[in-house]
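Notes follow the structure.
What follows draws every value from the coordinates through simple rules; no lab data is involved. On a predicted model such as this, the values are computed, not experimentally measured, just so you know. We place every Cβ from the backbone using ideal geometry, glycine too, and count neighbours over all the protein chains shown.
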Amino acid sequence: MINNSPAIVFLWRNEDKWPADFVTENVSQFGYMAEDFTSGKIFYGDIIHREDIDRVQAELEHKTKTGNETFRSEYRIYTKSRSLRWVDERTFIQRNKAGKVTYFQGIVIDITERKVAEEAVEKAEQLQKKEMALRCFVWISSQKPTRS
């Protein structure tokens, strides 16, 4: 069932670059095979966009140090063909009996279409503000000064 959904399930080890012990086959929507990750050929941390990786690592580290059980973040990843996609990650932080973080079990969902739409709305709002400012400027410039 999960392989037919947009949600990709991962089980990452709490190690550098987050090696994966499990990935659902529907990771193919990004051009990868599950074995790319489970074999160690590709680490999940290597596909996160370089401008986002430090933020994601810092957020996850903060969540683990403060005892949180969950982590959520939106960031960009590279597909196998090197195109960029936005994802929403929702993860459960697993700890052993001693409280040490051992695994991150989560889902990753492609939210690129939503992000593109949000960006278009933001650009339209900025354009609307600029247009309004220009209209005000034109109106003020067209007013004749009054003489006293």
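Points worth noting:
- Degrees between helix 112-142 axis and first principal axis of the chain (Cα, 0 to 90, nearest 10): 10
- Each of C136, F37, Q126 was scored by the projection of its Cα onto the charge dipole of the chain, and the greatest displacement toward the positive side belongs to C136; charges sit on the C-beta of Lys, Arg, Asp and Glu.
- Set K17/K80; K17/K41; K17/K63; K17/K97 screened for pairs whose C-alpha atoms are more than 19 Å apart: K17/K97
- Each Lys and Arg Cβ is given +1 and each Asp and Glu Cβ -1; about its Cα centre, the chain then shows a dipole of about 700 debye.
- All-pairs Cα distance distribution in the chain, expressed in whole percent, bin size 5 Å: 2, 8, 14, 18, 15, 10, 7, 5, 4, 4, 3, 3, 3, 2, 1, 1, 0
- Loop GluC sites (Glu not before Pro), the range 30-121, which have at most 13 other Cβ atoms in a 10 Å radius of their Cβ (DSSP): E69
- Of all the options R50, R76, R85, the one that moves most in a Gaussian network model of the chain with Cα springs shorter than 10 angstrom is R50.
- Relative contact order of the chain: 20 percent, from C-alpha pairs under 8 Å at least 6 residues apart in sequence.
- When shorter helices are ignored and each DSSP H run of at least 4 residues is given -39500 (n - 2.57), the per-residue value for the chain at 222 nm works out to -12000 deg cm²/dmol.
- Taking the C-alpha atoms only, the angle from helix 50-65 to the longest principal axis of the chain is near 60 degrees.
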